[in-house]
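Written out below as structure tokens is the structure these notes cover.
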Amino acid sequence: MTVTTSRVGERQIDAPPPLLLPADLRLTPEQFALVCAANRDTVLELSADGRVITMPPTGSETGARSGELIFQLKLYAKSQGLWKAFDSSTGFRLPDGSVLSPDASLVSLERWQALSTDERRGFAPLCPDLVVELASPSDEGPRGVSELRQKMGRYQANGARLSWLLLPHERTVEVWPAIGEPQRLEEATSLQAGDAFPELTLHLTEIWNG
């Protein structure tokens with residue numbers, strides 16, 4: 001294996017080569033897990049038809065917004081005691097066979113505790129109850145708005161109770177219910193989840209500002 005070497009000060013750093021995959025490669029979820037284990041510094045997703053999707057790093061502004069988002073969800077989960085909150089590094093194996101990593105998500109504690117130890121250690125075989133994706137307007141790839149809308153449809157089809165697509169550049173939210181068409185909230189400053197997630201409110205101004 002070829003390794004790219006760089007020097008910082010007096011230290012020599014060996015950087016792994018980029019992950020290159022054939023365009024027509026198709027993997028099972030089990031094979032995908034092996035690829036992820038061998039490329040732990042690369043964020044990957046798996047489509048329902050077995051294609052591997054490489055997720056580029058977010059920009060710093062989007063990263064700050066993502067940090068605020070998961071901070072709010074973790075506070076909610078701890079205050080309620082009925083939920084587990086997950087960040088963007090977490091992959092879930094959805095019923096359709098895809099493995100997706102939402103920017104933030106909630107899973108009921110009851111569903112989480114029903115999983116085996118091995119299921120928790122791997123890609124949990126479920127669709128989160130709440131899914132949140134954060135759009136990056138400068139990226140037309142996997143993190144771009146059009147691709148994220150397709151992901152929102154997959155979450156809905158796989159059983160998410162509620163999904164939110166946050167569009168910071170427009171200060172707008174697309175609310176995807178369990179069934180039906182998404183609703184668009186313009187110039188939103190806060191977001192209530194409703195009866196399915198009692199007392200959950202996202203303070204969007206803090207997320208928009210990063």
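The values are calculated or read from the model by the stated rules, or taken from the named source; none is laboratory data. No experiment lies behind these values; they were computed from the predicted model shown. All Cβ positions, even for glycine, are placed from backbone atoms using ideal geometry, and neighbour counts span all protein chains on display.
Applying the set (1) on the phi < 0 side of the Ramachandran plot; (2) in contact (Cβ under 8 Å) with a residue 60 or more places away in the chain to Val131 leaves exactly one unmet item: (2).
Among residues of region 16-66 being among the basic types (Lys, Arg) and under 21 Å from Pro95 (Cβ atoms), the one that is surrounded by the most Cβ atoms within 10 Å (Cβ to Cβ) is Arg51.
Of all residues in region 83-114, none satisfies the criterion of being β-branched (Val, Ile, Thr), in contact with a helix residue (DSSP H, G or I) (Cβ under 8 Å, 6 or more places away or on another chain) and free of Cβ contacts under 8 Å to residues at least 60 places away in the same chain.
Mind listing whichever residues of region 200-210 are within 13 Å of Leu134 (Cβ to Cβ) and in a loop (DSSP other than H, G, I, E, B)? Hit for region 200-210 is Gly210, nothing else. Of the residues making up region 176-194, at least one is closer than 23 Å to Val43 by Cβ and not in a helix (DSSP H, G or I).
Could you look through region 67-88, keep only residues that are over 14 Å from the mean Cα position of the chain (by Cα) and charged (D, E, K, R), and pick out the one that is surrounded by the fewest Cβ atoms within 10 Å (Cβ to Cβ)? Top of the filtered list is Lys78. Pull up region 49-66, narrow it to residues that are touching a residue at least 60 places away in the same chain (Cβ under 8 Å) and of a type outside the set (A, V, I, L, M), then point me to the one that is farthest from Ser98 (Cα to Cα). Ranking the qualifying residues of region 49-66, first place goes to Glu61.
Of the residues Glu181, Glu119, the single one that is exposed (fewer than 14 other Cβ atoms within 10 Å of the Cβ) and either more than 13 Å from the chain's Cα centre (by Cα) or at pLDDT below 95 (or both) is Glu181.
For every residue, the table says whether it meets (1) at pLDDT 95 or above; (2) surrounded by 15 or more Cβ atoms within 10 Å (Cβ to Cβ); (3) assigned to a strand (DSSP E or B).
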| site | (1), (2), (3) |
| --- | --- |
| Leu115 | yes, yes, no |
| Leu126 | yes, yes, no |
| Val132 | yes, yes, yes |
| Ser136 | no, yes, no |
| Pro142 | no, yes, no |
| Glu147 | no, yes, no |
| Gly153 | yes, no, no |
| Leu165 | yes, yes, yes |
| Pro198 | no, no, no |
